[in-house]
1. Among (1) out of contact with any helix residue (DSSP H, G or I) (no Cβ under 6 Å at 6 or more places or on another chain); (2) part of a loop (DSSP other than H, G, I, E, B); (3) surrounded by 21 or more Cβ atoms within 10 Å (Cβ to Cβ); (4) not basic (Lys, Arg), where does A:Ala690 come up short?
2. Of all residues being part of a strand (DSSP E or B) and surrounded by fewer than 19 Cβ atoms within 10 Å (Cβ to Cβ) in segment A:231-265, which is farthest from RNA strand B (Cβ to nearest atom)? Just the residue, please.
3. Anything in segment A:812-833 that is assigned to a strand (DSSP E or B) and more than 9 Å from RNA strand B (Cβ to nearest atom)? List them, or say none.
4. Specify which of the listed residues (A:Lys570, A:Lys558) is part of a helix (DSSP H, G or I), at negative phi, of a type outside the set (A, V, I, L, M) and without any contact (Cβ under 8 Å) to a residue 40 or more places away in the chain.
5. So A:Ala199 ticks every box in (1) closer than 29 Å to A:Arg465 by Cα; (2) outside any loop (DSSP other than H, G, I, E, B) but one. Which box is left unticked?
6. With respect to A:Arg632, is the statement that it is more than 9 Å from RNA strand B (Cβ to nearest atom) and either surrounded by 21 or more Cβ atoms within 10 Å (Cβ to Cβ) or outside the structural domain of A:Leu753 (by TED's automatic domain parsing) (or both) true?
Amino acid sequence: MPRYNPATIEPKWQAYWEQHRTFAAPRMPAAGKPKLYALDMFPYPSGDGLHVGHPEGYTATDIVCRAKRMQGVSVVHPMGFDAFGLPAEEHAIKTGEHPRVQTEKNIATFRRQLKMLGFSYDWSRELATTDVAYFTWTQWIFLTIYDTWFDREQQKGRPISELPIPSHIADQGAAAIHAYQDEHRLAYQTEAPVNWCPALGTVLANEEVKDGKSERGDHPVVRMPLRQWMMRITAYADRLEKELEPLDWPEGVKALQRNWIGRSLGAEVDFAIRGGAKLPARDSLRVYTTRPDTLFGATYMVISPEHAMVSTLTTPEHKAVVKAYCEQAAMKSDLDRTELAKDKTGVFTGSYAINPVNGEAIPIWVADYVLATYGTGAIMAVPAHDERDFEFATKYNIPIKQVVASKDGEEVTLPFCEQGVAVNSEKFDGLPTAEFKKKITAWLAEQGLGREAVNYKLRDWLFSRQRFWGEPFPLLHELDAAGNKTGRVVAVPKESLPVDLPHLDDFKPHGRPEPPLDKAPEEWLYPVIDGVRYKRETNTMPQWAGSCWYYLRFLDNKNSHAVIDHEIEKAWMPVDLYIGGAEHAVLHLLYSRFWHKVLYDRGVVSTPEPFQKLVNQGMILGENGEKMSKSRGNVVNPDEVVREYGADSLRLYEMFMGPLPDSKPWSMEGVSGVRNFLGRVWRLIIDEKADELCLSEALVDDAPSDEDLRMLHATIRAVTEDIDRLSFNTAIARMMEFVNHFTRLDRRPWACLQPFVLLLSPFAPHAAEELWQVLGHATTLAYEPWPEYDEAYLKSDTIELPVQVNGKVRGKVTVAADADQLTVLAVAKADGRIAEYLTGKKLVKEIVVPGRMVNFVVAG
RNA sequence: GCCGGAGUGGCGGAAUGGCAGACGCGCUGGACUCAAAAUCCAGUGCCCGCAAGGGCGUGAGGGUUCGACUCCCUCCUCCGGUACCA
């Protein structure tokens, strides 16, 4: 009867924890105690339910939280749902059911599954990004960002009311001032291309488009510009890069972020224009280059098809060709312009630019290998020292002029893109690249022809979506008497939030590229305030919005007066441990950091960074070593694992598979292995053959032997340290050794087994609680003091040392643990086999590593 | 191409300058049983050997060191990310 049966004990303890609110975290960390904010990346509640990948990171944080509570730390460990998302909206389009219905269902499934796994979340802090009470504050933060401009001098976001207004603007009156402010806000409007699918009557996300066709239905998709909201994340590029440095994050993730931000240092150079039909002499073309030292090798210029000067630079005889080329380029998607079109194309404009360093006239081309959105959208092309320019110049027979030679004077094959020394560069010849860059940049600056410049790969963040199921923007567009937008945008006052989603009769696309909220009822869409008629903003926010700041709301999720209470924020932030998938290494973390920095600048939060320590769990692969997916048929369902083996086994197995950050394949036999371990733990303490649940007869009051104590204290130390290192697989291995040792004994000292149950409890909390109860305790072990180890028990009187001869182990000797080196050497030499190896040889060197080994180096 | 991570028994993995393979799976043998399951005990890198013992061995090659899975150099393979950013 009393076999280890997770199916009964797991629900029992889950109910106990819930009833006793065992894991409710205090509003503020306990005074005088250290705090721990341990956070899981909250899941998107998909219709498929929990995946076995989810509990991996969740178990890791849970183990840390449970151990830390027992170590007297104030712990907050919340969970919630990133619940906006496309699938619910698609379901709504198909069925007419409100996306909220499907979303709530999915959340209920996720919640049930998470509870089934026994995580010690404080469920009273639960939130979903789709809760109106939550997105009220998402909208509040949006308005704060909207109300902020970035002061470059102070490198800080400031209220728009503090934006200095130039007098020539102020002179033009209120409308001009308003427009000027709008240009400087961190949230601003622009025209940006979207993927419009006429057949589906909707705008598609990039990932919904495959080869210019819709993924669903394979209908043609066209790119068309649409009014969109952007976030000026580029203003924070420098800080986002620099403030990454001190964070305790994986180096790989930091590198990814740095790379994504892509800061580069170079120079802007102005090339005067010559030969254009109607060009005044002062006109010039500005380029950005990271290699100003190659200026003497510039043999042509390229502007992107979207460059503002395309038409002015095109001479009449080239007009038709250039126009055709630009139109064609506009049709291409980003993908077509990069991957699919490795072959470079371009057309000559008919104009020439004057190279400022040598006065040479060089042709200006239009080519789509130059991006409008990077640098100035124009380049000086140096085919000898740039692969792309080399390819282009070769194709169009443009001269290639070498201006950098290798440092060692060896011949180089062009294009030569490394650093070297200058040649064919007049008075600069012989200068090493780095030095030349500095000199020429200074010279250009002196001449007023250029200046040092920094550029970023990072682009501003396209923040609007043409979707229903997202947070509405709390913004109004003023309308004139004719019902047209005046261009003036007004924020909904923060006191009037939330702006809830309107009722729609159905969710079918209305067939226009404008967002679905354009279908909203008049009374929602056209509010009248103080006699002025407005149209609401109908774009909605992207899924990122809700996940950008949820870590703050967890700390004060019921607050109806503020995003978060200051005192609470100060006391709990930052997040001390953040665990989640590597797929969020760039965007989620970057966006979140950006919002956090704005909130920091605006005094809402007190730390410059939200996440102090970050860990990415590895991917769990299918039994065949491939990525788990329905199509591969190798998906493991956590419900089934729990039914068959129990939640404790699932938790333990996922931690035992290997190091947390590694990818590792699933193995049901492995699950069965840890299930077996839990059975052994059970039998260590419980009499399985008795009719009633009672302690094993082997459990006795005997004083533990030295060996028992050594095992216990070694286990305490290893498990404690391994939890701190997040090295859960080795912690479990050490507990298995403990169990192997004591299983062999038919008299098992109580004094050793009881602390062991506490060590096990963060990993297999249900089994541990049950054992703890059988051991005679009336309440949960969740706050029992964590066992401490005593060095004294770890020491042994004698130790066995391997003895090497020339680095090969040839014997072992036993010596007193505190034996000095001479004694150790003497004992080692006296050993029969070692003596054999030493006789007749010349002893060159003797090495003793105290407590580790002895090595004799012999010759001859 | 570039950036990041990883290559160790039949398998998952351990050891971050000091006995390679902890722990688990699998496999083999034994105990218990009428038998099986369950459980418990023992063994298990490869090669030679009855054994004692010896040789080989951490993707490949080189180097540093008394000693290298671990540090350095060159290269190969796999996984993940990214790609005309001038």
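1. Among (1) out of contact with any helix residue (DSSP H, G or I) (no Cβ under 6 Å at 6 or more places or on another chain); (2) part of a loop (DSSP other than H, G, I, E, B); (3) surrounded by 21 or more Cβ atoms within 10 Å (Cβ to Cβ); (4) not basic (Lys, Arg), A:Ala690 violates only (3).
2. Filtering segment A:231-265 down to residues part of a strand (DSSP E or B) leaves A:231, A:248, A:264-265.
Pick out the ones that are also surrounded by fewer than 19 Cβ atoms within 10 Å (Cβ to Cβ) and you get A:248, A:264-265.
Working: A:Asp248: 15, A:Ser264: 3, A:Leu265: 9 Å.
Filtering first and then ranking leaves A:Asp248.
3. We begin by selecting, within segment A:812-833, every residue assigned to a strand (DSSP E or B); these are A:812-816.
A:Val813, A:Thr814, A:Val815, A:Ala816 - these are the residues of segment A:812-833 that are assigned to a strand (DSSP E or B) and more than 9 Å from RNA strand B (Cβ to nearest atom).
4. Values: A:Lys558 fails: part of a helix (DSSP H, G or I).
Exactly one of A:Lys570, A:Lys558 is part of a helix (DSSP H, G or I), at negative phi, of a type outside the set (A, V, I, L, M) and without any contact (Cβ under 8 Å) to a residue 40 or more places away in the chain, namely A:Lys570.
5. The one condition A:Ala199 does not meet is (2).
6. On the way: more than 9 Å from RNA strand B (Cβ to nearest atom): yes; either surrounded by 21 or more Cβ atoms within 10 Å (Cβ to Cβ) or outside the structural domain of A:Leu753 (by TED's automatic domain parsing) (or both): yes.
So A:Arg632 fits the description; yes.
Residues checked against (1) within 11 Å of RNA strand B (Cβ to nearest atom); (2) of a type in the set (Gly, Ala, Ser):
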{"site": "A:Pro665", "(1), (2)": "yes, no"}
{"site": "A:Arg683", "(1), (2)": "yes, no"}
{"site": "A:Ala703", "(1), (2)": "no, yes"}
{"site": "A:Ala731", "(1), (2)": "yes, yes"}
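So that you can scan it fast, the table gives a plain yes or no per residue for (1) at pLDDT 85 or above; (2) part of a helix (DSSP H, G or I); (3) more than 9 Å from RNA strand B (Cβ to nearest atom):
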site: A:Pro305; (1), (2), (3): yes, no, yes
site: A:Val321; (1), (2), (3): yes, yes, yes
site: A:Tyr325; (1), (2), (3): yes, yes, yes
site: A:Ala329; (1), (2), (3): no, yes, yes
site: A:Leu335; (1), (2), (3): no, yes, no
site: A:Lys344; (1), (2), (3): yes, no, no
site: A:Phe348; (1), (2), (3): yes, no, yes
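The values are calculated or read from the model by the stated rules, or taken from the named source; none is laboratory data. Computed from a predicted model, the values in this text were never measured in an experiment. Positions of Cβ are generated from backbone atoms using ideal geometry, with glycine treated the same way; all protein chains shown enter the neighbour counts. Accessible surface areas use protein heavy atoms only, side chains included; no ligands, DNA or RNA. Shrake-Rupley method; radii C 1.70, N 1.55, O 1.52, S 1.80 Å.
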